[in-house]
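Presented below is the structure to which this report refers.
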Amino acid sequence: MRRNQSVYFGATISAMLIGLFAVVSMVLAPSQVTAAEKRCTAAGQKVVCPVQSDEALAKAQLAYEKEGNDMIAGKAGSTYGIAPFDYLTGVGKRNANAKLDSGDSGYAGATGKTELWDRVKKPREGESIYNQWTHNWSPTLKTTLVPGADPNEGKQWYYVYCIACHGWLLQGDGPTAVEIDPKPRILTADHYMNKRTNLELFTVIKGGGEAIDLSSTMPAWGNFLQDQDIWNLVAWIRAMAGVKPPKSLEEYLNPKSTFTAIAGDVNALTAKDSEDFKDNQELNETMLAGRGEGALKGGGYVEGGLRKTPDQVKAKVGKGY
């Protein structure tokens, strides 16, 4: 890819993200949402909703904008305090001739090459070739806190669908968060999130906030994600429980979760035998558009690619990935 192509590539990514954020903002326009919730419920108890202040969210929105402009301009580093990490592309703002936190990243410079080219000489095979690109600058987890679910695959879905509101580090500070009322939850707030069951998390991701009597500002993703994808997302959220914004690359790549399984809670392996899960599924499927005659199509499994069944995930984890 030559220089002009690199600039076009960077601009295209930035434009796509801006377009996504604009769509989310329109969908979640203040005229269509309820007033801000002052308190939330966790394990039957009222708790303060874990959200960011308007001031913090306005600052985060400006940081996202600067990050996009820096990427297009070819500036290495990040505006978020973790210099080696590129929060927009997930592949690192550097090349063989640039330092991790300074210099020409390759997007708009003379080389026209980013660090992607540094690794292409040693491409992996099969499934791992995908992870070679996507996991290089984000945590790669070796275990799961939700049996039958893969947090690494859930992380990828999170990066696609959840960042605009909940932010790259699950801190509730995505670029559209300041426009939303009520504000997106801080998904790392363990005093709140660790009391929410897997079933609640699965249901709200699939059916949206209204599926568990919360605000419609949380959209339903059941028409975009298969059930296993959602379980993988739940596993990723659990892996980040209690994790604070990192002060170093080492902390960022090695998150320490505070979550422990809730007794009797459903998971990806036991869901098929859970009456509570089946009841929630039936309700979600009737609410989602395009399902047709109540058929549980969302529970189907798409063969091929990186998708695996819960049993396959369990085997994968058992082998240490």
Qualifying positions in segment 179-223 - outside any loop (DSSP other than H, G, I, E, B) and under 21 Å from ARG39 (Cβ atoms):
ASP190, HIS191, TYR192, MET193, GLU200, LEU201, THR203, VAL204, GLY209, GLU210, ALA211, ILE212
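Can you pull out the residues in segment 241-288 that are outside any loop (DSSP other than H, G, I, E, B) and touching a helix residue (DSSP H, G or I) at 6+ places or on another chain (Cβ under 8 Å)?
Keep residues of segment 241-288 that are outside any loop (DSSP other than H, G, I, E, B), which gives 249-253, 271-273, 275-287.
Hits for segment 241-288 are ALA271, ASP276, PHE277, ASN280, GLN281, LEU283, ASN284, GLU285, MET287.
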Out of everything in segment 180-204 that is touching a strand residue (DSSP E or B) at 6+ places or on another chain (Cβ under 7 Å) and basic (Lys, Arg), what residue ends up being surrounded by the fewest Cβ atoms within 10 Å (Cβ to Cβ)?
LYS195
When every residue in segment 137-179 that is of a type in the set (Gly, Ala, Ser) and closer than 18 Å to PRO219 by Cα is compared, the one surrounded by the fewest Cβ atoms within 10 Å (Cβ to Cβ) is ALA164
If ILE163 passes every condition in (1) in contact with a His (Cβ under 9 Å, 6 or more places away or on another chain); (2) at pLDDT below 95 but one, which one does it miss?
(1)
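Determine if segment 109-126 includes at least one residue that is of a type in the set (Ser, Thr, Tyr), in a loop (DSSP other than H, G, I, E, B), surrounded by 17 or more Cβ atoms within 10 Å (Cβ to Cβ) and modelled with pLDDT under 90. Outline the logic, then answer.
Here is the first cut: in segment 109-126, the residues of a type in the set (Ser, Thr, Tyr) are 111, 114.
In the following step, the residues that additionally are in a loop (DSSP other than H, G, I, E, B) were identified as 111, 114.
Pick out the ones that are also surrounded by 17 or more Cβ atoms within 10 Å (Cβ to Cβ) and you get 111, 114.
Remaining after also requiring modelled with pLDDT under 90: 111, 114.
Within segment 109-126 (the criterion being of a type in the set (Ser, Thr, Tyr), in a loop (DSSP other than H, G, I, E, B), surrounded by 17 or more Cβ atoms within 10 Å (Cβ to Cβ) and modelled with pLDDT under 90), the answer is yes, since at least one residue qualifies.
Specify which of the listed residues (ALA98, ALA63) is at pLDDT 75 or above, surrounded by 14 or more Cβ atoms within 10 Å (Cβ to Cβ) and touching a strand residue (DSSP E or B) at 6+ places or on another chain (Cβ under 8 Å).
Numbers: ALA63 fails: touching a strand residue (DSSP E or B) at 6+ places or on another chain (Cβ under 8 Å).
Of ALA98, ALA63, the one residue that is at pLDDT 75 or above, surrounded by 14 or more Cβ atoms within 10 Å (Cβ to Cβ) and touching a strand residue (DSSP E or B) at 6+ places or on another chain (Cβ under 8 Å) is ALA98.
Go through segment 212-240 and count every residue that is among the aliphatic types (A, V, I, L, M) and crowded, with 22+ Cβ neighbours inside 10 Å. Working first, answer last.
Within segment 212-240, the subset among the aliphatic types (A, V, I, L, M) is 212, 214, 218, 220, 225, 230, 233-235, 237, 239-240.
Then drop every residue that is not crowded, with 22+ Cβ neighbours inside 10 Å, which leaves 218, 230, 233-235, 237, 239-240.
Number satisfying all stated conditions: 8.
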Candidates ALA58, ALA76, filtered to the one that is buried (at least 16 other Cβ atoms within 10 Å of the Cβ), of a type in the set (A, V, I, L, M, F, W, C), more than 17 Å from LEU169 (Cβ to Cβ) and at pLDDT 75 or above
ALA76
Name the single residue, out of those in segment 241-272 being among the charged types (D, E, K, R) and modelled with pLDDT of 95 or more, that is surrounded by the fewest Cβ atoms within 10 Å (Cβ to Cβ).
LYS256
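The values are calculated or read from the model by the stated rules, or taken from the named source; none is laboratory data. This one's a predicted model, so the numbers in the text were calculated from it and none came from an experiment. All Cβ positions, glycine included, derive from the backbone under ideal geometry; neighbour counts span all protein chains shown.
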